[in-house]
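Inspection log for the structure reproduced underneath, given as structure tokens.
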Amino acid sequence: MTSEREPIAVIGTGYVGLVTAAGFAELGNEVYCVDIDASKIEALERGDVPIFEPGLAESIAANRERLHFSTELAPALEHARLLFVAVGTPPTYSGDADLSAVHAVVDAMPTSDHHALVMKSTVPVGTGESIRRAFDQRGKSGFSYVSCPEFLKEGSALADFRQPDRVVVGDAGDWAGEAVVDLYAPLGAPLVRTDVKSAEMIKLAANAFLATKISFINEIANVCEETGADVVEVARGMGLDNRIGDKFLRPGIGFGGSCFPKDVSALKLLAGNSGYHFQLLTAVIEVNELQKRRVVAKLQKHLGSLVGKRIALLGLAFKANTDDMREASSLVLAARLQADGAHVSAYDPIAEPEARKLMRGVQFAGSAMEAIDGAEAVVIVTEWPEFVELDWQEVAQKTAGRIVIDGRNCVDPGAVRDAGFIYEGVGR
């Protein structure tokens, strides 16, 4: 089967691009990866993977003979007819998606009647239509276009590629859509074959719904704190209803990362630009921002003024099993604590190099125990397994205070309290 797999190209070697490339290489495709960052390409050619994603480095190493890396587009165009676009589309100051990298890819395409752009990057609804117009205006009407949004979760992205919940293919019904369907066929996933605009909307709507689910359970958690109910039990009872399900019903200190904040804002803005006020998403965003700040209020409740107090943050990445610091709750927490006069120490087993680029005035530690040494309070920000397994009796010998704020409800409250700490979770 592998000898029949057609070569593909992946433009952009970030989280989505590298996982997509590695996944198709596992299936037997020759994959031509292109990126304008020469240092990143040089690292990949040496076998150094510039991002942390469980299993990714091993997959790339195991399939190295089928992966080709270059800063030049020509080899990709020569060998592959399907060009997967996985470039960044970060939000601008106005909240719109920055499509400059996407437009740069479109501009670089030659006149062709046997190539297709396959959009993996998250883009606003209508982007495919505007790209189609651009091709037509530039005499490139033979170039095909497919929307094939990604649904990879950081921390489990390779598993999500290998066993996707669904594959969405939006196209005009030409050869390109059929070719993309054939590429994904060995995975045996449910197929949603639709038009381009609907495919673009599926991605935004799915992420916005999951973000809404998180903000909802966080609101329930806040009410539980006022009424004495335990949100962990509430979520368990809710999740057993198969109309609701238990996924994304874990309260915490808010969602972050490269997708949820950006996509919720993008959908809200898209609706507004179309003349519709999406009230629900306004609340989702507000709840997420307030949730991070509730941690500071809990610390003040127990410690009073935070001036001169040492607060330890355990975990910096927006979630475990990634080094991604985009929209991480730790950024808001550290800034808020410092603004209130606290001294912040922090530890993350993976994300520290990225965190150092974004955080100022924070004392970075080489271990959890070093971070908590002399701290008046400990805040668990990211649910790394090593924090779940902490010996709280040992922790008690290092800290100056007895406050633990479990921002992810991931540690055993009984073990924490038995060690002499005041334990505060979220909604518990």
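Each of Ser39, Ala21, Val102 was scored by the projection of its Cα onto the charge dipole of the chain, and the greatest displacement toward the positive side belongs to Val102; charges sit on the C-beta of Lys, Arg, Asp and Glu. Remark: C-alpha extents of the range 232-424 on the principal axes read 57, 40, 32 Å, sorted largest to smallest.
Between Ser130 and Ala57, the contour length at 0.36 nm per residue exceeds the Cα-Cα span by 22.7 nm. For helix 329-339, what angle does its Cα long axis make with the longest principal axis of the chain, in degrees from 0 to 90 and rounded to 10? So the helix axis and the longest Cα principal axis differ by about 50 degrees.
In sequence order, the range 349-360 has phi-based couplings of x, 10, 8, 4, x, 6, 5, 4, 6, 10, 10, 10 Hz under the Karplus curve 6.51 cos²θ - 1.76 cosθ + 1.60, θ = phi - 60°, and Gly or Pro positions carry x.
Listing Ser121, Ser94 from fewest to most neighbouring C-beta atoms within 10 Å gives Ser94, Ser121.
Among Pro251, Pro186, Pro349, the largest mean-square fluctuation in a Gaussian network model of the chain, built with springs joining Cα atoms closer than 10 Å, belongs to Pro186. In nm, give the distance between the simple-model label positions of Ala271 and Leu358, each being 7 Å from the Cα along the Cα-to-Cβ direction. Once both label points are built, they end up 2.6 nm from each other.
When the dipole is taken about the Cα centre of the chain, and only Lys, Arg (+1) and Asp, Glu (-1) are charged at their Cβ, what size is it in debye, to the nearest 20?
Roughly 1100 debye for the chain.
Averaged over residues, the count of other Cβ atoms within 10 Å places the peptides 82-88, 354-360, 64-70, 141-147 in the sequence 82-88, 141-147, 64-70, 354-360, highest first. What angle do you read, to the nearest 10 degrees and between 0 and 90, between the alpha-carbon axis of helix 260-273 and the longest principal axis of the chain? Value to nearest ten degrees: 60.
Remark: spin-label model distance Ala108-Arg243 equals 4.9 nm, labels positioned 7 Å along the Cα→Cβ axis.
Which of the pairs Lys262/Lys309; Lys120/Lys213; Lys140/Lys203 have their Cα atoms more than 29 Å apart in this structure? Checking Cα-Cα distances, Lys262/Lys309 exceed 29 Å. Calculated on the Cα set of the range 1-114, radius of gyration then Dmax: 14.3, 48 Å.
Taking the centroid of alpha carbons for each part, the range 215-292 and the range 29-75 are 36 Å apart.
Ranked for footprinting exposure by Cβ neighbours inside 10 Å, fewest first, Met325, Met119 give Met325, Met119.
Nearest 10 degrees, 0 to 90: what angle lies between the long axis of helix 127-137 and the longest principal axis of the chain (Cα atoms)? The angle comes out at about 30 degrees. Each distinct pair of alpha carbons in the range 2-203 adds a 1/r term; the inverse of their mean, the Kirkwood radius, is 16.9 Å. Annotation: amide H of Thr194 within the under-5 Å range of Val169, Gly170, Asp171, sequence separation 5 or more or interchain, hydrogens built in the peptide plane.
If you plug the beta carbon distance of Glu389 and Gln137 into 1/(1 + (r/R0)^6) with R0 = 41 Å, you get a FRET efficiency near 0.10.
Over the chain, DSSP H runs of length four or greater, each weighted -39,500 (n - 2.57), average out per residue to a 222 nm ellipticity of -13500 deg cm²/dmol.
Could you compute the FRET efficiency for Tyr93 and Ala297, with r as their C-beta to C-beta distance and R0 at 41 Å, rounded to 0.05?
0.90
Which label marks the calculated value of Rg and Dmax of the Cα atoms in Å, given the options (i) 23.3, 73; (ii) 23.3, 91; (iii) 20.6, 68? For Rg and Dmax of the Cα atoms in Å, the calculated option is (i).
Provide Rg over Rh for the range 143-268; use the alpha carbon set for both Rg and the Kirkwood Rh (inverse mean inverse pair distance).
1.07
Separation of the alpha carbons by more than 18 angstrom is noted, of Lys153/Lys357; Lys153/Lys319; Lys247/Lys268, for Lys153/Lys357; Lys247/Lys268.
Every read-out reported here was derived from the displayed coordinates using simple, explicitly stated rules and does not represent laboratory data. All figures in this text were calculated on a predicted structure; none of them were measured in a lab. All Cβ positions, glycine included, derive from the backbone under ideal geometry; neighbour counts span all protein chains shown.
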